[in-house]
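Visitor: Quick one: the structure is below, questions incoming.
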Amino acid sequence: MNSAFSNKIKAEALRLGFFACGIAEAQPVDADTAHRFTQWLSQGRQAEMHYMENHLDKRLDPRLLMQGVRSIVCVALNYSPAQRIPADEYQIAAYAYGHDYHDIVKQKLHQLAAFVGVTDYRVFSDSAPILERYWAVQAGLGWEGRNHQLIIPQAGSMFFLGELFLPIELHYDTPQSPRCGNCHRCLDACPTKALTDDGFDASRCISYQTIENRQAIPPDIAAKMGNSIYGCDRCQQACPWNRFARPTDEPLLQPRPELLQMTKEKWRHLTEDDYRRLFKGSAVKRAKYSGLTRNIKAINDHETD
């Protein structure tokens with residue numbers, strides 16, 4: 001295990017703009033994690049995200065994603081915004097303020113692979129059947145909080161995660177232990193009780209309903225959406241660790257001025273051309289124009305009831 005080279009990889013990751021980098025050995029996930037994940041699926045808590053059920057063998061054993069992989073380099077990219085949409089206007093989740101994170105993280109990981117000097121590698125960022133938070137924990141970046149987000153000590157949870165699979169043996173980091181203690185602020189802040197001590201129910205999550213769900217939003221969920229038209233940050237905003245968050249300096253993650261200037265009135269009259277211009281190259285594309293306008297209508301209908 002080459003400790004010096006591993007440290008050079010981490011230093012290069014930081015130079016490329018990642019906030020944190022750690023390395024884990026490529027091996028099957030532990031038995032407890034495998035049991036909890038398969039039980040979560042069997043209970044139907046993934047809602048209509050049936051892709052979570054696909055390639056279960058690969059999700060539980062990353063070695064099946066790349067032949068010969070020995071090391072998983074895990075990175076975290078800060079997206080905490082310096083500027084926010086005014087609190088009294090319609091909200092989109094902070095992670096979607098800038099350009100699509102999938103492209104940004106993977107581009108940086110390709111650069112990191114070039115530094116390592118390998119041609120046999122794979123990069124991922126929320127783009128493959130990988131338990132990303134599990135591997136970030138194994139790589140020593142932080143722990144998985146009660147809000148099911150990776151929490152980095154003295155930094156918070158507003159991070160994109162990514163992985164670089166390498167066919168070489170490196171020095172492996174030590175997992176961190178959870179440090180949420182008795183804090184339940186994220187659970188208390190969840191308006192629909194998607195987060196409970198029993199786990200996470202995607203069907204009740206505002207992020208799921210406003211992004212992944214293609215059907216009508218259930219009335220009881222719509223009644224709790226508040227101003228959220230794309231995603232929801234309530235569990236992160238409630239987390240005490242996010243008081244340490246520092247604004248990202250990544251240019252591609254900065255919000256367009258037009259987005260910050262949107263008002264409820266402008267959102268209600270959003271045209272498809274407006275949508276394409278406002279969210280060109282953005283992760284908001286996942287909801288599509290029809291989904292975003294459905295979300296706005298759901299809030300309006302509830303306000304006028």
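The values are calculated or read from the model by the stated rules, or taken from the named source; none is laboratory data. Worth saying up front: this structure is predicted, and the values here are computed from it rather than measured. When we count neighbours, we look across all protein chains shown, and the Cβ atoms used for this are built from the backbone with ideal geometry, even at glycine. Remember, those area values only see protein heavy atoms, side chains included, never the ligands or the DNA or RNA. Shrake-Rupley method; radii C 1.70, N 1.55, O 1.52, S 1.80 Å.
Visitor: Place a +1 charge on the Cβ of each Lys and Arg in the chain and a -1 charge on the Cβ of each Asp and Glu, then give the dipole magnitude about the Cα centre in debye, rounded to the nearest 20.
Guide: Values: 36 positive and 36 negative charges, 92 e Å.
Result for the chain is approximately 440 debye, rounded to the nearest 20.
Visitor: Let me know the whole percent of all Cα-Cα pairs from the range 92-194 that are separated by more than 17 Å.
Guide: Percent of Cα pairs beyond 17 Å in the range 92-194: 62.
Visitor: Give, in nm to one decimal, the length gained when the segment between Ser177 and Asn227 is fully stretched (0.36 nm per residue of separation minus the Cα-Cα distance).
Guide: 14.5 nm
Visitor: Distance in nm between label sites at Ala114 and Glu258, each 7 Å beyond Cα in the beta-carbon direction?
Guide: Label at Ala114, label at Glu258, 3.1 nm between them.
Visitor: Tell me the angle of helix 101-116 to the major Cα principal axis of the chain, expressed in degrees between 0 and 90 and rounded to the nearest ten.
Guide: Approximately 10 degrees, to the nearest 10.
Visitor: Quick one: check the C-alpha center-to-center distance for the range 228-305 versus the range 66-81, whole angstrom.
Guide: First find each Cα centre; the distance between them is then 27 Å.
Visitor: When the accessible area of the range 54-194 is split by element with a 1.4 Å probe, what percent falls to carbon and sulfur?
Guide: Details: 2610 of 5840 Å².
Ligands and nucleic acids excluded, carbon and sulfur reach 45 percent.
Visitor: So how tilted is helix 288-304 from the main axis of the chain? Cα-based, degrees 0 to 90, rounded to 10.
Guide: Compared with the principal axis, the helix lies near 50 degrees.
Visitor: Say the dipole of the range 8-137 comes from +1 at the beta carbon of Lys and Arg and -1 at that of Asp and Glu; which of Tyr79, Ala94, Gly117 then lies farthest toward its positive end?
Guide: It is Gly117, whose Cα lies furthest towards the positive end.
Visitor: Just the accessible area for His35, please: 1.4 Å probe, Å², rounded to the nearest 10?
Guide: 110
Visitor: Which residues does a label at Asp30 reach in the range 136-174, if reach means a backbone N under 11 Å from a point 7 Å past the Cα toward the Cβ?
Guide: Label zone hits: 138.
Visitor: So how much slack lies between Arg276 and Asp249, counting 0.36 nm per residue of separation and subtracting their Cα-Cα distance, in nm?
Guide: Roughly 7.2 nm would be gained on extension.
Visitor: Could you state the accessible area per residue of the chain in Å², with a 1.4 Å probe and every protein chain left in place?
Guide: With the other protein chains kept in place, the chain gives 48 Å² per residue.
Visitor: Along each principal axis of its Cα atoms, how long is the chain end to end? Whole angstroms, biggest number first, please.
Guide: If we take the Cα atoms of the chain, the spans are 63, 40, 34 Å.
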